[in-house]
Amino acid sequence: MTNKEPLKVLILDRSINPTVWADNLYLADSSGTRNVWFYSPKGDYDHAKDFPLDIFKQIEERCSNLKKAGSRLTICMRRDDPGLGIFIPEIDLPALTTN
C-alpha cells in the first residue's frame, strides 16, 4: 500500500468470522476478544484498501441482529488500523485507569 494514511480496517469480536458474509477479507491480527480484518482484492496487506463502508454496513447489520438474538458480541467497528495489540484508546484507557 502506498497510501501514508492509516488503513481503515474492521475490528470484530473474535467469535465472528466475517468471511462467510463477504469476500476479500483477511485476518491481520488477533488479541484478546478482538480480531482485525483487512480488505484486499489481491489477498495481501501490501495491496489492502480501506475497508469498504458498504461491506462494513452489511456486517454491522448482521452483528446487530446477532446481538438482538442474544449473542455476547463485544465489538464491531470500522476504524484506522490500531496496530499490534488492537489497542482502542476510548475503550481500553478507561479500563486501565479503573484498575
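The values are calculated or read from the model by the stated rules, or taken from the named source; none is laboratory data. Source: prediction; values computed, not measured. When we count neighbours, we look across all protein chains shown, and the Cβ atoms used for this are built from the backbone with ideal geometry, even at glycine.
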* Structure fact -> Filtering the stretch 76-99 down to residues that are aliphatic (A, V, I, L, M), modelled with pLDDT under 80 and either in a helix (DSSP H, G or I) or surrounded by 12 or more Cβ atoms within 10 Å (Cβ to Cβ) (or both) yields Ile91, Leu93, Ala95, Leu96
* Structure fact -> Filter the stretch 37-59 for residues that are of a type outside the set (A, V, I, L, M, F, W, C) and within 17 Å of Asp80 (Cβ to Cβ); the one that is surrounded by the fewest Cβ atoms within 10 Å (Cβ to Cβ) is Tyr45
* Could you tell me which of the residues Leu73, Leu66 is in contact with a helix residue (DSSP H, G or I) (Cβ under 8 Å, 6 or more places away or on another chain), surrounded by 14 or more Cβ atoms within 10 Å (Cβ to Cβ) and not in a strand (DSSP E or B)? => Leu73
* Asked: Name the residues in the stretch 9-36 that are in a helix (DSSP H, G or I) and either surrounded by fewer than 17 Cβ atoms within 10 Å (Cβ to Cβ) or charged (D, E, K, R) (or both), would you?
  -> Thr19, Val20
